[in-house]
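Please treat every number below as a calculation from the coordinates, not as lab data. Values in this document were obtained by computation on a predicted structure and should not be read as measured data. Neighbour counts run over all protein chains shown; Cβ positions are idealised from the backbone, glycine included.
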Amino acid sequence: MKKLNINLLPGDGIGIEVINESLIVIQKLEELHGGISLNLRHLDWGCEYYLKHGTMMPADGLKILADCDAILLGSIGAPGVPDHVSVHGLLMPIRQGMEQYINMRPIKYLDGLDSPLKNARPDNIDFMVIRENSEGEYCGFGSLRNEGTPEEMAVQESRFSRKGTSRVIRYAFEYAREHNLNNVISATKSNVLHYSMVFWDKIFKEVAASYPDIESRSMYIDALAGMFILNPQKLKVVVSSNLFGDILTDLGSAMLGSIGISPSANINPERKFPSMFEPIHGSAPDIAGKGIANPLGALWSMVMMLQHLNLPDMADILLKSITSVVADRKVRTPDMGGKNSTREVVQEICKRLDDTNR
């Protein structure tokens, strides 16, 4: 029996609901596989923890969290705790402290989704956004100057290192080569960001020269956002800085018809530390506690987790079950135009797992 340790960070709001309901699916996958035991440890860190203790996680939180094979996160954020406090109190320390410098977000249209794009089809919206995940615009450095005076000023720093920039760009090209994808597009804005993005462009050009078999180009992020909508079939791999990738992937999720379906992975490629998997949706306090949150983003993130843990068969049957439920259009949460609860969608996924495994 192969044993794997998974740390669960349900977090806040609907994150708690989608992670707790996902346990039903995890148990079903264990049962179907028969040779895997997933040891799950709940960690109650998040905004409620912050309101009690003044910090989003314990002082030794990273050490506690690192003792596992993977991390599954629900969402963070709650009324009463500023978003910059929750993000920089939990999410960024994990990404940076565990060297999860690669963020992967697939933008993949599934048959049965209701995209706002009239030309949306499974064969023309299917690409990967690979985002730098540890520095850039989200590095956390900056200052307030001359506070309380007419000359008050906020300075927000963006830090791009050669090491950090080159490794994410190289990862994107390696991903393209491994998956037989023929182009990599870099998101930039070097016409106005004449330090950070000119530097990014220079590194992109250097790395691209090592991959002559893969078509490469840089595009200003505003033009690239237009391509997402008008010509998504031209996209295979997009590589971006932290901020640009965050914005573009929310746009990509909207293209699918619901932000509740999209997954993401925060990867430490060297496996020195565990990687973390999470849906890209927020904590949605307006629907928290109603039992109607879409669990598909969390479950698709679980697919990515299983792939990372070298369990491709388990990942495959879970993804097939997700796509089957979406395609049937019968059981879906309100964000996808349905009337079902989180639990009902999860139960339907489990039924499809049984069918897929036969």
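Here are the numbers for this structure:
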{"quantity": "Loop chymotrypsin sites (Phe, Trp or Tyr not before Pro), the stretch 74-180, which have at most 13 other Cβ atoms in a 10 Å radius of their Cβ (DSSP)", "calculated": "Phe141"}
{"quantity": "Label-zone membership for the stretch 129-151, site Glu206, 7 angstrom Cα→C-beta point, backbone N under 18 Å", "calculated": "132, 135-136"}
{"quantity": "Cross-link pairs Lys272/Lys320; Lys290/Lys330; Lys118/Lys339 - those with Cα-Cα distance over 29 Å", "calculated": "Lys272/Lys320"}
{"quantity": "Under the span-like rule (Cα at least 27 Å along the axis, Kyte-Doolittle mean at least 0.5), DSSP H helices of the chain", "calculated": "14-33"}
{"quantity": "Listed residue (Leu62, Asn119, Asn20) projecting farthest to the positive dipole end of the chain, Cβ model", "calculated": "Asn119"}
{"quantity": "Assigned charges on the beta-carbon of Lys, Arg, Asp, Glu; the stretch 115-256 dipole about Cα centre (debye)", "calculated": "440 debye"}
{"quantity": "Peptide ranges 58-65, 247-254, 293-300 listed from the most packed, as the mean C-beta count within 10 angstrom indicates", "calculated": "293-300, 247-254, 58-65"}
{"quantity": "Most mobile listed residue (Lys236, Lys118, Lys28) in the chain, GNM with C-alpha springs under 10 Å", "calculated": "Lys118"}
{"quantity": "Within a Gaussian network of the chain (alpha carbon springs, distance under 10 Å), most fluctuating of Ile76, Ile287, Ile229", "calculated": "Ile287"}
{"quantity": "For the stretch 115-256: span of alpha carbons on each principal axis (Å, largest first)", "calculated": "56, 38, 24"}
{"quantity": "Residue-averaged [θ]222 nm for the chain, counting only DSSP H segments that reach four residues, each worth -39500 (n - 2.57)", "calculated": "-12500 deg cm²/dmol"}
{"quantity": "Relative contact order, percent, the chain [alpha-carbon distance under 8 Å, six or more residues apart]", "calculated": "22 percent"}
